[in-house]
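Asker: Take this structure first; my questions come after.
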Amino acid sequence: MAQLNTGNLETILKALAAHVGQLNGRDAINQPAIDNLAQVANNLDQSVIQIIQTPDPGPRTDLDFSALDAAVSAFKQNTKISQTDANNVAGLIHQNTPR
């Protein structure tokens, strides 16, 4: 199973941490904006926790490669592929292409 790519998220979080340090010493008039940002950050944290707690789905069980197997077998036998085989392979690709 493929691993999640969290590189962009990590980069953004590191940049945010650096910016938080730069906020120290700013005028207190900005406190409502900081409170709003803290709420957004809390929502982000809750979203990350939800992803972590969601179990991985495991390998897909809805895939049927029999049409592909038949097309490959036919091609191996006579180095030709029928239109039906080509349509079956195209259908398999369409079915398994993320939308």
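Asker: Within the stretch 44-99, take every residue that is basic (K, R) and more than 29 Å from the chain's Cα centre (by Cα) and give me the one that is nearest to Q3 (Cα to Cα). Don't jump to the end; show me each part of the working.
Answerer: Taking the stretch 44-99 and keeping what is basic (K, R), we get 60, 76, 80, 99.
Retained after the next criterion (residues that are more than 29 Å from the chain's Cα centre (by Cα)): 76, 80.
Working: K76: 35, K80: 38 Å.
Result: K76.
Okay, residues lined up against (1) under 26 Å from T97 (Cα atoms); (2) modelled with pLDDT under 85; (3) touching a helix residue (DSSP H, G or I) at 6+ places or on another chain (Cβ under 6 Å):
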position: Q3; (1), (2), (3): yes, yes, no
position: N8; (1), (2), (3): yes, no, no
position: A17; (1), (2), (3): no, no, no
position: I29; (1), (2), (3): no, no, no
position: D35; (1), (2), (3): no, no, no
position: G58; (1), (2), (3): yes, yes, no
position: D62; (1), (2), (3): yes, yes, no
position: S66; (1), (2), (3): yes, yes, no
position: S82; (1), (2), (3): yes, yes, no
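Asker: Give the residues of the stretch 37-54 that are closer than 18 Å to A17 by Cβ and aliphatic (A, V, I, L, M), sorted by residue number.
Answerer: L37, A38, V40, A41, L44, V48
The values are calculated or read from the model by the stated rules, or taken from the named source; none is laboratory data. As the structure is a prediction and not an experimental result, all values here were calculated from the model. Reconstructed Cβ throughout: ideal geometry from the backbone, glycine too, with neighbour counts over all protein chains shown.
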